[in-house]
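The values are calculated or read from the model by the stated rules, or taken from the named source; none is laboratory data. Only a predicted model underlies this, so the values are computations on that prediction, with no experimental measurement involved. Glycine also receives a Cβ, built like all others from the backbone with ideal geometry; neighbour counts cover every protein chain displayed. Please note that ligands, DNA and RNA were not included when accessible areas were found on the heavy atoms of the full protein model with its side chains. Shrake-Rupley method; radii C 1.70, N 1.55, O 1.52, S 1.80 Å.
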Amino acid sequence: MNAIQKNNRYERQIALHEFGEAGQKKLAQARILVIGAGGLGCPALQYLAAAGIGTIGIVDFDVVALSNLQRQTLYTVADIGKSKVIVAAKRLEALNPEINIRTYNLQITQNNALEILSEFDVIIDGSDNFTTRYLVNDACVLLNKPLVYGAVLRFEGQIGVFNLFDAETNIKTNYRDLFPDSSKLSEAISCNDVGVLGVIPGIIGTMQAAEAIKICAGIGKVLSNKIFSYNALQNTFYDFEIVPNPASQATIPKNEFEFLNFNYEVFCNTPPFENEISTSVFETFLISRNFVIIDVREKDELPRIAEFETILIPLNQLKNSLEKIPLEKTVIFICKSGIRSQKAATLLKELQPQCEILSLKGGLDSWKKYSNKQ
């Protein structure tokens with residue numbers, strides 16, 4: 001008897017006529033990379049590990065925060081402040097010690113994407129921003145890797161499979177065919193702005209795992225060239241086909257050189273905020289007195305700030321909390337990465353054009369790195 005026959009861990013899926021021992025052997029040889037160990041990544045990782053995927057890669061540079069626990073079920077209160085990839089790897093190894101876990105405690109960028117993605121067969125994108133989604137998509141196109149896409153917002157989630165040839169339709173599409181126009185992306189809302197029901201990423205992330213398993217095992221009808229959407233509030237489902245979009249061919253990098261030199265921040269319409277200040281300029285403000293710092297992160301986000309005083313006003317509460325802001329002073333908005341602070345600064349400038357309003361470029365991530373070097 002071989003190892004699979006001896007091991008009853010997978011007997012329920014081996015019993016499936018469409019799957020069998022041949023399918024389980026394919027999973028044991030498969031290599032799947034999950035980008036983002038957050039709301040989508042957590043359920044995907046758990047079910048991939050349980051299913052017996054031979055090698056699972058995890059990419060994430062974030063740490064666990066209290067606000068994550070409502071939907072990121074790999075983590076507990078005791079994990080707050082710890083690296084997500086390290087905690088996730090430990091939990092997955094406890095769930096299934098027979099598989100291999102590779103951790104990448106870093107941010108996926110143009111400089112490392114091609115090298116990392118080339119080591120895997122299927123890529124699951126669980127990221128939460130457009131810059132990463134376009135970057136990962138383009139890397140998958142260049143490397144010819146199937147990409148399982150997922151996104152969630154409020155009570156709704158969607159999933160699709162890109163860069164996988166469909167023999168029935170004789171086409172292969174990618175994320176740019178779905179979103180060829182990036183001009184309005186900076187206006188798009190996110191979960192940080194309007195929230196998400198905790199079970200939605202669980203549903204969509206699990207579906208992403210299912211599509212990846214089907215691809216690796218070579219079974220069933222995969223959601224290639226199609227977007228499937230689920231709304232939990234209305235209990236509705238719908239799907240639509242995607243076809244190659246000529247506009248996307250004009251923008252997608254054609255080779256590694258073009259990929260490395262493509263400006264994803266500009267493409268995703270995230271140019272520098274006109275009143276954005278660098279970390280060095282921010283340091284000069286800290287020795288001044290006539291300013292106020294507004295932290296627009298959620299109240300339980302880490303790291304907490306002990307080096308200077310702030311007023312905590314989450315971005316989604318800003319418009320209704322103007323009375324908390326001393327507008328006679330220079331207002332400096334901060335957040336984790338500088339994205340929400342830009343939105344806050346833009347909003348307040350529209351409401352109070354006479355005030356001096358600034359945003360910290362790169363957010364606390366950038367300031368922490370700068371401070372540690374001084």
Work out, step by step, the length gained on full extension between residue 77 and residue 114: first 0.36 nm times the residue separation, then minus their alpha carbon distance; give nm to one decimal.
9.9 nm
Please label the shape of region 42-118 as rounded, prolate or oblate, based on the square roots a ≥ b ≥ c of the eigenvalues of the alpha-carbon gyration tensor (a/c under 1.5 means rounded; beyond that, a/b larger than b/c means prolate, else oblate).
oblate
Using the alpha-carbon atoms, what tilt in degrees (0 to 90, nearest 10) does helix 20-29 show relative to the longest principal axis of the chain?
40
Using R₀ = 25 Å, calculate the FRET efficiency as 1/(1 + (r/R₀)^6) where r is the Cβ-Cβ separation of residue 70 and residue 18; round to 0.05.
0.10
Give the distance, in whole Å, between the Cα centre of region 35-83 and the Cα centre of region 281-308.
29
Taking θ = phi - 60°, what integer Hz values does the Karplus form 6.51 cos²θ - 1.76 cosθ + 1.60 yield along region 65-70, in sequence order, with x for Gly and Pro?
10, 4, 5, 6, 5, 5
Please work out the average accessible area per residue across region 1-128, using the 1.4 Å probe convention, and give it in Å².
46
Accessible-area composition of region 96-164, carbon plus sulfur, in percent [1.4 Å probe]:
44
Would you pull out the residues with amide H under 5 Å of residue 54's amide H, same chain only if 5 or more places away, H placed 1.01 Å from N?
28, 29, 30
Per residue, how many Å² of accessible area does region 243-374 show with a 1.4 Å probe?
56
Taking the 0 to 90 degree range and rounding to the nearest ten, how far is the long axis of helix 199-217 tilted relative to the main principal axis of the chain, both from C-alpha atoms?
40
Taking every DSSP beta bridge with both residues inside the chain, roughly what % is antiparallel (nearest 5)?
40
Using 0.36 nm per residue of separation minus the Cα-Cα distance, give me the extension gain between residue 102 and residue 169 in nm, one decimal.
20.6 nm
Treating the angle as unsigned and between 0 and 90°, give the value, to the nearest 10°, between the Cα long axis of helix 130-143 and the longest Cα principal axis of the chain.
40
Potential extension, residue 307-residue 280 segment - 0.36 nm per residue separation minus Cα distance:
8.2 nm
When the solvent-accessible surface of protein heavy atoms is calculated with a 1.4 angstrom probe, in what order do 341, 288 fall, highest first?
288, 341
Over 28 Å (Cα to Cα) - which of 84/336; 324/368; 226/343; 90/226; 172/214; 82/369 fall in this group
226/343; 90/226
